[in-house]
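The block underneath contains the structure these notes are about, expressed in structure tokens.
Just so you know, all these numbers are worked out from the coordinates, no wet-lab data involved. Computed from a predicted structure; not experimentally measured. As a convention, Cβ positions derive from the backbone with ideal geometry for all residues, glycine included, and neighbour counts pool all protein chains shown.
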């Protein structure tokens with residue numbers, strides 16, 4: 001009888017020892033939860049598994065709303081511990097942390113990228129030109145856009161409409177989302193105008209004024225305003241205004257002309273040149289003209305009007321048939337040239353008779 005009792009007691013003691021050892025091993029296997037100083041979440045809630053390590057089966061329990069997309073907030077550690085105890089999560093190692101920083105992850109689509117995407121969606125659509133030349137005005141101000149971090153796909157155009165008469169556009173994009181089957185849709189509306197670089201007057205300009213570098217600036221203007229006749233700044237500078245123009249006016253090629261090298265009533269040099277002979281005489285321009293223009297000039301010595309071609313500033317070339325010339329033996333610096341160039345006489349010298357045919 002005593003032997004049986006001894007055996008039963010030994011068995012009980014062994015079982016207790018085994019149970020104690022198993023409990024000790026279990027405690028060694030399951031580590032204590034540890035508070036985190038900073039966390040990042042990709043959804044709209046903060047879960048127990050976000051704020052502590054070793055959360056176990058309670059990891060997916062939501063305890064707070066997450067901050068706004070792309071922003072960071074803080075949680076007092078004591079407040080977090082209270083929330084954890086409400087879900088039977090105890091014995092948390094706080095590591096002397098006083099507050100937890102919580103950041104909500106987001107994908108940022110910058111406003112300039114949105115505008116660029118819309119412009120490329122409208123490029124060459126219904127008569128529009130290159131995307132870089134499109135000026136867009138949105139119905140709503142376009143700002144940097146925050147999306148859930150799970151929206152990791154590219155912006156794909158699904159619809160793009162443009163009405164040339166009104167200039168209205170309506171563009172829709174889709175962005176793939178790796179957490180849901182339905183993509184994120186973005187829609188933008190507004191007006192689009194194609195622009196071109198144009199030379200624009202910086203001041204009022206009178207007729208026949210020659211444009212200086214400071215008179216012309218470059219601006220982008222609607223193509224419909226300038227048309228296909230837009231003048232470049234390089235071409236405009238140094239040219240002469242055909243008519244009066246106002247500051248801010250976009251210059252067209254038709255507004256400009258080569259500058260007059262000869263002005264009306266200006267004293268000019270008449271030039272007569274043939275093989276072996278170069279003659280000049282003073283004249284008075286009866287009209288203005290640019291290089292290559294044929295103008296009338298009064299020969300101030302012969303008092304006769306001749307026609308010639310403007311060849312330089314204040315210079316007019318006379319073109320006539322080969323003349324008969326009577327030249328003095330001693331030539332002086334003053335030479336008379338008449339309209340037909342039938343004779344040339346030197347001043348202060350008695351001329352010889354010209355030979356006749």
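Here the simple spin-label model places points 7 Å from the Cα toward Cβ, and for residue 54 and residue 163 these points are separated by 6.7 nm.
Between the stretch 177-202 and the stretch 53-116, the C-alpha centres lie 36 angstrom from each other. Each label point was placed 7 Å from the Cα along the Cα-to-Cβ direction; for residue 78 and residue 212 their separation is 7.6 nm. In this simple spin-label model, placing a label point 7 Å from the Cα along the Cα-to-Cβ direction at both residue 275 and residue 235 gives a separation of 4.2 nm.
Could you tell me which of rounded, prolate or oblate describes the stretch 144-211, using a ≥ b ≥ c as the square roots of the eigenvalues of the alpha-carbon gyration tensor, with rounded for a/c under 1.5 and, failing that, prolate when a/b is larger than b/c and oblate otherwise? Here the stretch 144-211 falls in the prolate category. If R₀ is 45 angstrom, what is the calculated FRET efficiency for the pair residue 112 and residue 313, using the beta carbon separation as r and rounding to 0.05? It comes out at approximately 0.35. Once the C-beta distance of residue 263 and residue 187 is scaled by a Förster radius of 45 Å, the resulting FRET efficiency is 0.15 to the nearest 0.05.
From the square roots a ≥ b ≥ c of the eigenvalues of the alpha-carbon gyration tensor of the stretch 91-161, which class results: rounded (a/c under 1.5), prolate (a/b over b/c), or oblate? In terms of gyration-tensor shape, prolate.
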